[in-house]
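Single-structure report; data block below.
Read-outs throughout are calculated quantities, based only on the coordinates presented, and are distinct from any laboratory measurement. Quantities reported herein were computed from a predicted structural model and do not represent experimental measurements. Cβ placement follows ideal geometry from the backbone for every residue including glycine, while neighbour counts extend to all protein chains displayed.
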Amino acid sequence: MPTLEDELRTAMVEASEDLTVPDGLAARAWASGHRDETRRQPVGARRRTNRAGRGGPRYPRRHLVALGAGFAAIAIVVTAFALGGNSTGESAGTAASGSGNGGTTAIHGQASGGDSLTTAPQSVRGYLPRGARAPLANGSKVAAALAPGRLHSASGTSGTSGSATSSAGTSGTSGSTSGVTATRVVKDGSMELTVPKGHVQATVDGLVSLAKGLGGYVAESHTSNVAGSPTGNVTLRMPVTKFEDAVSGAQKTGHETSLTTSAHDVTGKFVDLNARLGALERTRQTYLTILGRATTIGQTLEVQQRVEDVQQQIEQIQGSLKVLRNQSADGTLTVAVSEAGSPAVVNQQHQRHGIGKAWHTSVQRFTRGTDAIIAALGTLLLVLLVIAAFAAISLLGYRVMRRAAG
Amino acid sequence: VELSAEAAFESFVASSGRSLLRTAWLLTGDRGDAEDIVQTALERTAYRWSTIVGEPEAYARRSVVNLATDRWRRRKSRVTEVPLADLTGRSMPYAADDTSLVDLRAQLLADLRLLPARERAVLVLRYFNDLDEAETARTLGVSRGTVKSSASRGLARLRATGSRLERQPAATANSEGAT
């Protein structure tokens with residue numbers, strides 16, 4: 001009983017029995033094999049021939065394509081690795097500075113006095129970050145800078161983050177504000193800085209030293225480390241004449257991403273308040289004179305009430321003058337410091353609450369998630385490129401070796 | 001020296017050319033392709049004639065198998081060519097015959113062409129060229145285990161052909177009895 005192998009062998013032998021070699025096959029093959037020596041030279045030899053300028057490229061097109069793709073992939077990978085070392089540190093800074101350069105330039109100056117006011121508006125450089133870093137209003141900044149609770153006490157901790165808070169006492173206002181007719185300008189500003197990783201605390205210390213060096217002091221200092229992104233907020237106060245020096249000095253401590261400064265001439269308001277104060281004091285003196293001449297209880301009570309009202313107005317004006325004197329004596333610069341690449345620092349004064357905060361948080365997380373996905377895809381693409389390069393080179397080598405082997 | 005080499009090559013072609021051509025035909029199933037493949041394989045052999053170590057027929061056979069595999073790969077992405085002889089029913093030496101054995105052989109050859117390239121090459125080298133497993137493995141550039149598994153799978157598929165042919169007469173007889 002013949003097996004399948006026997007039947008297959010018989011079938012193949014019988015089926016190909018009538019095949020004969022064409023006449024002259026050997027001569028044609030020999031002639032073709034030796035007709036063009038360069039055509040069948042080894043790859044290296046062909047390359048040398050081409051470099052010498054004898055003849056054009058003789059490589060099969062697919063081999064050239066595979067070789068080119070392999071080299072291109074390797075070049076891309078090398079370039080990606082070369083750029084990858086700097087991308088992390090620079091991306092955030094580039095994005096921030098890009099926004100800053102592309103932002104609008106506005107001029108803020110507020111006249112708060114009468115006819116004698118000579119407003120000296122200061123330019124507001126940079127952009128206002130999303131999150132309402134608006135020009136600092138007089139009232140809010142005055143309250144922030146001069147409220148006793150903020151000047152003399154710690155500003156509290158930030159809950160689970162384990163923040164470190166320090167405060168500095170006021171060193172008192174300078175004594176250069178006694179003259180009523182001297183020009184008085186309130187200068188304040190805010191700045192955002194990004195610094196390299198691990199330099200937040202050092203930068204904050206540098207800012208403190210800067211303020212002290214200019215004869216100023218630190219009104220508030222706050223550092224925190226939330227989710228591995230250390231940030232710091234420092235409120236510096238310095239003599240108003242040193243405000244520009246403080247700004248330029250702070251700019252040197254890190255990469256400035258935004259800067260907002262404002263200057264308000266309060267000379268007119270100061271003069272008005274002094275004039276009102278003098279008038280009220282004269283009125284009080286008049287009432288006191290009348291009070292001394294009162295003969296009945298009714299007259300005495302009525303005049304005394306007038307004196308108390310005037311006294312109250314005098315005290316209010318004296319308080320306002322004290323605030324203005326303080327403001328115009330010392331400039332205020334608030335500096336927010338964050339690490340490059342960390343989420344944007346939100347000034348403590350502009351933190352959101354409620355639904356706004358929740359929406360902002362969700363948008364931030366969405367953005368971070370998108371960034372993470374894109375970053376992961378980039379890595380995947382890199383791996384695929386490497387695999388493709390090796391595959392192309394392997395294919396090329398396999399083809400060449402197989403051709404050499406016959 | 002060149003003349004003697006050419007003479008030796010012609011002698012080699014005279015002795016092995018037909019076997020190579022039959023191998024190529026069994027691998028491709030097309031005479032024109034087989035002749036092209038043998039021509040190319042012999043050109044390569046001629047070019048490396050002075051540097052070939054061992055049997056030149058083994059080198060030429062390996063070239064034939066590789067070229068047939070390349071052709072098979074290229075053919076997969078091209079429109080299938082149907083030789084005119086196939087349309088006239090004269091491509092196969094076995095025409096319809098009432099002898100089941102002849103039908104079996106014809107069907108075996110037809111199914112051989114439907115096998116994957118490696119299985120087909122293994123069967124041709126093992127049972128037409130009578131190479132052992134080691135020689136077949138060297139020719140194909142694969143391991144002996146691959147040769148064994150490929151031969152086993154190929155034979156199993158061809159065996160299914162035999163089973164179909166064995167069942168066919170009975171079915172035919174039943175249908176004739178019914179009429």
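A few comments on the model shown:
- The residues packed around A:THR3, meaning those with a beta-carbon under 12 Å from its beta-carbon, carry a net charge of -1 if Lys and Arg are +1 and Asp and Glu are -1.
- Rounded to the nearest whole Hz, the Karplus-based 3J(HN,Hα) values (6.51 cos²θ - 1.76 cosθ + 1.60, θ = phi - 60°) of the range A:202-214 follow the sequence 5, 5, 4, 4, x, 5, 4, 5, 4, 4, 5, x, 8, with x at glycine and proline.
- Ascending count of other beta-carbon atoms within 10 Å, so fewest first, for A:THR231, A:THR3: A:THR3, A:THR231
- Highest average first, the peptides A:185-196, A:283-294, A:373-384 ordered by how many other beta carbon atoms sit within 10 Å of their residues are A:185-196, A:283-294, A:373-384.
- Of A:LYS252/A:LYS357; A:LYS187/A:LYS252; A:LYS187/A:LYS357, pairs whose Cα-Cα distance is over 22 Å: A:LYS252/A:LYS357; A:LYS187/A:LYS357
- Least to most buried among A:HIS63, A:HIS353 (fewest other Cβ within 10 Å first): A:HIS353, A:HIS63
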